[in-house]
Amino acid sequence: MNEEEKYLFDLRGYLVVKNALTQEQVKDLSEIVDEKVNGLEHHTGGRKKRHHQRGSDRTWFANDDDMAWSSPALLDWGGPFIDLIDIPTIAPYLETLLGINYRLDHDYMLISNKESSHPLFLHGGGQGAGGTLDLVGPTDGGQCYYRYSNGRFFNGLIAVAFELNTVSPGDGGFACIPGSHKSNVEVPETCKPRPPFEKRATGLPGLAACEIPDFVDRVTASAGDAIIFTEACQHGTVPWNTESDRERRTLFYKYCPHAVAWSPCYYNSDHYEGLTEHQINILMPPSAFGPSDRTSIIWKKAQAEQAELMRLRAKGNE
Ligand SMILES: O=C(O)CCC(=O)C(=O)O
């Protein structure tokens, strides 16, 4: 991360990393998304509708009988999705913004197209500015933080958003209030799109594209670019322009310092094949000790016990 990028990240709370993915990676990932998304089509009222999300913040299971740690994740799609855990074009940014012991907390995919045009819901916000409107604002214990001191960045959560298709001006997509990661004042009334989480119902109004204030940056990117942002920066999704023939396909990989956890579910590195030592460390559950020998013994044991349980259950079902 060069000096200009450090300056801009501190100033605005986000950066666009050009060509974070090679065109070959974009192609490989897109082909898998095509295959999986078609498989996920479901019917609503006689009309075929595409699921817009896969993976999750890992706060829910796909099935009631899912085992612990098996909440939906993009990593389950394997291959190039596993590679993204730790790629050389992104790793130096994560090290600078989070320190060397960072972990992947959760991942998900967002697809926007002609059929999906949700209102803007801004969330996040440094210094508690997200307030009670934030998803985890009332409960996060201050983990949505941004700080720079003694020449180091400190972030409670860093999102890496890989764009698989180009997002041009006017399309919609990622947007944020630059600098809001350092603001001390709550988001203005004009940007309060939804009531508190517990009072939400579907279809509540947010901000339509035409109502979005000028101080919100609508960020464009080319296929293969990655938008890196701190969750402390107020951000959200601008409704997709239904006139656009393009589809937005974004893969989010969200990282935090090793001692921090957002998701109540952890990855189980046994579920994925061919991981490097560094990838295993990045998937480790949280602790203030980082991926040390002491902590890995504990998690290896937990994973071995889960494997044994799966084996016994499978045997019981024979
Ligand atoms: O890129 C976007 O559409 C925003 C996604 C978002 O709000 C989030 O991941 O928290």
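Tabulated data for the structure shown
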item	result
Potential extension, Asn19-Glu186 segment - 0.36 nm per residue separation minus Cα distance	56.6 nm
Sum of side-chain charges, Arg218 neighbourhood, beta-carbon under 14 Å (Lys, Arg +1; Asp, Glu -1)	-3
Cut-off under 5 Å, modelled amide H: who pairs with Ser183 long-range	Gly126
Peptides ranked, highest mean first, by Cβ atoms within 10 Å: ranges 95-102, 307-314	95-102, 307-314
Ranked list, fewest to most other Cβ atoms within 10 Å of each Cβ, for His181, His123, His278	His278, His123, His181
Proxy reagent accessibility, fewest Cβ within 10 Å first, across Ile111, Ile298	Ile298, Ile111
Aspartates and glutamates with Cα under 19 Å of Lys300, excluding same-chain neighbours fewer than 8 positions away	Asp105, Asp270, Glu273, Glu277, Glu308
Ratio Rg/Rh, restricted to the range 241-300 and using Cα atoms, in which Rh is the Kirkwood radius	1.18
Neighbour-count order for Ser222, Ser296, fewest beta carbons within 10 angstrom listed first	Ser222, Ser296
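Each reported figure results from applying straightforward, stated rules to the coordinates on display, with no laboratory input. The model shown is predicted, which means the values in this text are computed figures rather than measured ones. Please note: Cβ atoms are built from the backbone with ideal geometry, for glycine as well, and neighbour counts cover all protein chains shown.
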